[in-house]
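The values are calculated or read from the model by the stated rules, or taken from the named source; none is laboratory data. Keep in mind the model is a prediction, meaning the values are calculated, not measured. So basically every Cβ, Gly included, is an ideal-geometry build from the backbone, and we count neighbours across all protein chains shown.
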Amino acid sequence: HTKWNNFGFNLIDTPGHVDFTIEVERALKVLDGAVMVLCGVSGVQSQSITVDRQMKRYDVPRLTFINKLDRRGANPWRIIEQIRNKLRNNCAATQIPIGLEDDHEGVVDLISREAVYFEGAHGHIQRTAECPPELVDQMESKRIELIEKLADVDDYIGDKYLEEGRISEKDLYEAIWKTTVARTFTPVLLGSALKNKGVQPLLDGVCA
C-alpha cells in the first residue's frame, strides 16, 4: 500500500512468467485498473499477449509504461507499433523521450508541451522547462498522432479537431480519461523505473 497525491494505492505486482498465468488472472479479477509495463528493448512478448487477453476479458482499464529507455537499443516507437499490431490496442504516446540509452534525461509531455527532467542521484528531483528546440517538430507530430487516435474513438475530439484544427489541454485530458476508462484507448507513458525517470508522471496518470 502506498500514497501519491492524496490517493491510496493497493499495489498488486503480478508475476511475468508464463508459469504464473493463473495467479495473474486471479489478480486481474479484483483490479480497478492496471499498468502494463513493457521493456523498451524487447517489447511485446508472448506473456504480454496472454496478459493483454486477460485484461480485456475482465474489462480492466489500463495505462502502458514503456520501461528501460536507458538501455542500449531502446526504441519506444517500435514498441508502440507492436502494441497496435500484436495486441490490437488503440494507443498513442502521451510523451516523447528526451534522449535514449545513456542520454535519457526525461520526457516531453505532449498535452502541456512541457519538458520534464529527472535529476539528482536517484532521479527524484523533477524539473520542468520548455521543450528542447530540436524536439519541437517531433513533439508536434506526435501530439497530432495522439489527437488522431483519440478522434477515432471520441466524436467530440474528432469534430472539434476538424472544425478548429487544434485541441486544448483540458479537452485532451478529458478525452484521455474518458476513453481510458471506457477501454477504447490506451495512453502510453515512457521512462526508466530503475533510474526513477518518468515514474512520477506515471503515478500522476494513474491518479488522474
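Data table
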| quantity | calculated |
| --- | --- |
| Residue count, the range 102-147 (criterion: of a type in the set (S, T, N, Q) and within 16 Å of the chain's Cα centre (by Cα)) | 1 |
| Filtered residues of the range 6-20 (kept if surrounded by 10 or more Cβ atoms within 10 Å (Cβ to Cβ) and at pLDDT 70 or above) | 7, 9, 12, 14 |
| Lone unmet requirement of (1) of a type outside the set (Asp, Glu); (2) in contact with a Pro (Cβ under 9 Å, 6 or more places away or on another chain); (3) at pLDDT below 95; (4) surrounded by 18 or more Cβ atoms within 10 Å (Cβ to Cβ) for residue 33 | (4) |
| Residue pairs meeting the criteria (Cβ under 8 Å; at least 6 apart or on separate chains; first among the charged types (D, E, K, R), in the range 1-21; second at pLDDT 75 or above) | 3/9 |
| Residues located in the range 131-165, provided they are exposed (fewer than 11 other Cβ atoms within 10 Å of the Cβ) and either modelled with pLDDT under 95 or among the charged types (D, E, K, R) (or both) | 134, 137, 155, 162, 163, 164, 165 |
| Helices (runs of 4 or more DSSP H) fully within the range 128-208 counting 1 or more residues that are in contact (Cβ under 8 Å) with a residue 24 or more places away in the chain | 136-151, 169-181, 199-207 |
| Residue, farthest from residue 201 (Cα to Cα), within the range 102-125, restricted to residues that are surrounded by fewer than 16 Cβ atoms within 10 Å (Cβ to Cβ) and in contact (Cβ under 8 Å) with a residue 24 or more places away in the chain | 102 |
| Complete set of residues in the range 149-176 that are under 16 Å from the mean Cα position of the chain (by Cα) and under 15 Å from residue 90 (Cβ atoms) | 149, 150, 175, 176 |
| Test: residue 44 is more than 16 Å from residue 202 (Cβ to Cβ), aliphatic (A, V, I, L, M) and modelled with pLDDT of 85 or more | yes |
